[in-house]
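First comes the structure, then the notes that go with it.
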Amino acid sequence: MMRLWQRFKRRGDPQARHQLILHHLPLVRFVQARLPISLPSAVTPEDLTSAGVVGLIRAVDEFDPDRAVEFATFAVPCIRGAMFDQLREHDTVPRSVRQRANAIEAAYVELSDGGRKSPTIEDVAAAVGQTPEEAERTMVAVGLDSLVSLGASYRTPRSSHDQTLESTADVQATTPLAALMAKERDGILTEAVAALPPADRRVIVLYYRDGLMLKEIAEVLSVTKARVSQIHARALFRLRAHLAAIHQSRSTRRDASRTVPGGTRHGQSAGLETHTPGPGVPSR
């Protein structure tokens, strides 16, 4: 396989490029089979496959075989992203539903106290004037948004509010900084998953850690596949809101520690040094 990459990357051999694409086509089927959402009526499985192939071709063209990363690791986010673009193009969620979803997420962020609490769906629903059933339907309705924004994704402190993990993390990066950021991200994701209600957490663990398909999870939990899809969408919405709360809390702490006008820090007089209190330690 390395010879094909060398022929394509070093000589621009179109036949080698074609063979690389054909060899990795199963990745498209793999990604498509694991998308945990129902297709909109305007999108056929063939449409999604075609979009995935476009993502695969882009991955082949952009991949650097000299980096210590497997091609599949690099290509899967590209394929998934292309499929997400296809789905978003035909997303028909009404604006009113998105507004309700934004209100629910904002309420979750406020009630979670910077990620230290895990508000129930009853608490969040009451805060926005909805019943728990209405709130859950809204979470499920914007399941694609949650899936795309998580990817299953985390907004890193240095990313803009709308960036996804795929767009902010270079999977070919092998620098110490990249490794440190990945370790921090994994820790925060673990914390967010642990804060989920038991049913939501179990679906997330079975799907993302154990690699089960939705149909298999339905058999394990003795529920329908449609119900597993609903729980998955609800769980991703909660994860997104929980991570947003952590991000907001960290941003607030960073802003509080920055230099204030006049060249001094909070609690610091000119010419005098002081230490910045750690998390959970009140400023004097």
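What to note about this one:
- For segment 211-225, backbone phi angles converted through the Karplus equation (6.51, -1.76, 1.60; θ = phi - 60°) give residue-by-residue couplings of x, 7, 7, 4, 4, 5, 5, 4, 5, 5, 8, 6, 10, 7, 4 Hz, Gly and Pro being listed as x.
- Potential extension, GLU46-SER222 segment - 0.36 nm per residue separation minus Cα distance: 60.3 nm
- Solution diffusion estimate, µm²/s, Stokes-Einstein, segment 2-89, Kirkwood Rh from C-alpha pairs, 37 °C, viscosity 0.692 mPa s: 243 µm²/s
- Remark: segment 227-235, residue by residue, has Karplus-estimated 3J(HN,Hα) of 5, 4, 4, 5, 5, 4, 5, 5, 5 Hz, where x stands for each Gly or Pro and the curve is 6.51 cos²θ - 1.76 cosθ + 1.60 at θ = phi - 60°.
- Rounded to whole numbers, the Karplus 3J(HN,Hα) couplings from phi for segment 193-198 are 5, 5, 7, 6, x, x Hz, using 6.51 cos²θ - 1.76 cosθ + 1.60 with θ = phi - 60°, and x at Gly and Pro.
- Spin-label pair THR252-ARG95: with each label point 7 Å from Cα along the Cα-Cβ axis, the two points sit 3.1 nm from one another.
- Rounded to the nearest 20, the Cβ-based charge dipole of segment 2-89 about its Cα centre (Lys and Arg +1, Asp and Glu -1) stands at 340 debye.
Taken together, the values in this text are just the output of simple stated rules run on the coordinates, not laboratory data. Note that this is a predicted model, so its numbers are computed, not measured. So basically every Cβ, Gly included, is an ideal-geometry build from the backbone, and we count neighbours across all protein chains shown.
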